[in-house]
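None of the figures in this text is laboratory data; all of them are computed from the coordinates on show. Computed from a predicted model, the values in this text were never measured in an experiment.
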Amino acid sequence: MTPSPVQIRSNTVLPARRRPVTLRTADGLALVGELAVPESAPPVATLICLHPLPTEGGMMDSQLLRKAAWRLPALADLAVLRFNTRGTSSADGTSEGVFDAGDAERLDVAAALDRVEAEDLPAPWLLGWSFGTDLALRYGCDPSVVGAVLISPPLRFSTDNDLDVWAASGKPLLAIVPEFDDFLRPDRARERFARVPQCEVVAVRGAKHLFIGARYADQALDEVVRRVAPGSYPLPRRWSPGESAGAPG
């Protein structure tokens with residue numbers, strides 16, 4: 001008997017091969033992380049998740065990144081690498097080092113890129129949220145990186161020079177901006193990101209900076225997949241065991 005489809009809820013964890021990983025930085029720190037890959041198919045692309053500000057509770061388990069790791073290997077055949085930047089704690093443990101306001105964290109981003117290369121994972125994309133978007137913009141325009149998705153970008157630590165680097169690279173940028181963001185709302189985001197001609201700014205109506213609410217989280221993940229794995233867009237809201245990525249649900 002074929003199992004009945006189940007509704008995907010906020011805490012639904014879909015099948016994947018998940019394992020803890022340790023990232024090693026150039027300055028000798030061990031960072032706590034997790035790699036989730038599709039259960040049976042090879043991944044079509046890779047998300048490197050960069051979490052919100054740790055001094056405000058941001059970590060690898062921040063809800064949008066956790067949902068990405070729980071859903072996207074099964075629904076979109078994506079590999080998802082999450083990790084705690086230096087000095088950041090989650091249920092998986094605490095990364096060594098201390099928070100450095102986005103400066104020494106450049107080595108954390110480099111360690112994640114090194115891990116993706118060591119694992120031979122395909123087509124790495126950066127998925128930054130809030131503070132993580134600043135890390136992506138400042139340190140993520142690496143030759144190995146396909147592009148970046150920026151959720152709730154505050155542009156707090158990033159400069160116009162960082163945007164100009166992305167503009168010159170031609171690498172795709174997608175900025176997912178809440179209508180009622182605390183730091184950078186859609187109209188202002190379009191002005192700031194106009195320096196990057198290839199950047200697409202998508203406004204999420206009704207959403208706030210933290211994307212609280214299942215419909216807003218679902219919209220954010222849909223937008224991620226639309227850019228990174230378009231064959232799986234839109235994501236299904238129901239899932240059946242044995243269903244392949246991109247199949248209707």
- Dividing the surface of the Cα convex hull of region 1-135 by four yields a projected area in nm² of 8.3 nm²
- Evaluate Rg over Rh across the chain, taking Cα atoms for both radii and Kirkwood's formula for Rh. 0.95
- Out of Ile212, Ile48, Ile151, any idea which swings most in a Gaussian network model of the chain, alpha carbons joined below 10 Å? Ile212
- Item | Cα-based Rg / Dmax (Å) for region 94-209 | 14.1, 40
- Query: In region 21-232, what percentage of the DSSP-assigned beta bridges are antiparallel, given to the nearest 5?
  - Reply: 30 percent
- Message: What whole-number distance in Å separates the alpha-carbon centres of region 178-216 and region 76-93?
- Response: 24 Å
- Query: Which residue fluctuates the most in the chain, going by a Gaussian network model with Cα springs under 10 Å, if the choices are Asp181, Asp92, Asp120?
  - Reply: Asp120
- Query: Relative contact order, percent, of region 97-249 when contacts are C-alpha pairs under 8 Å separated by at least 6 residues?
  - Reply: 15 percent
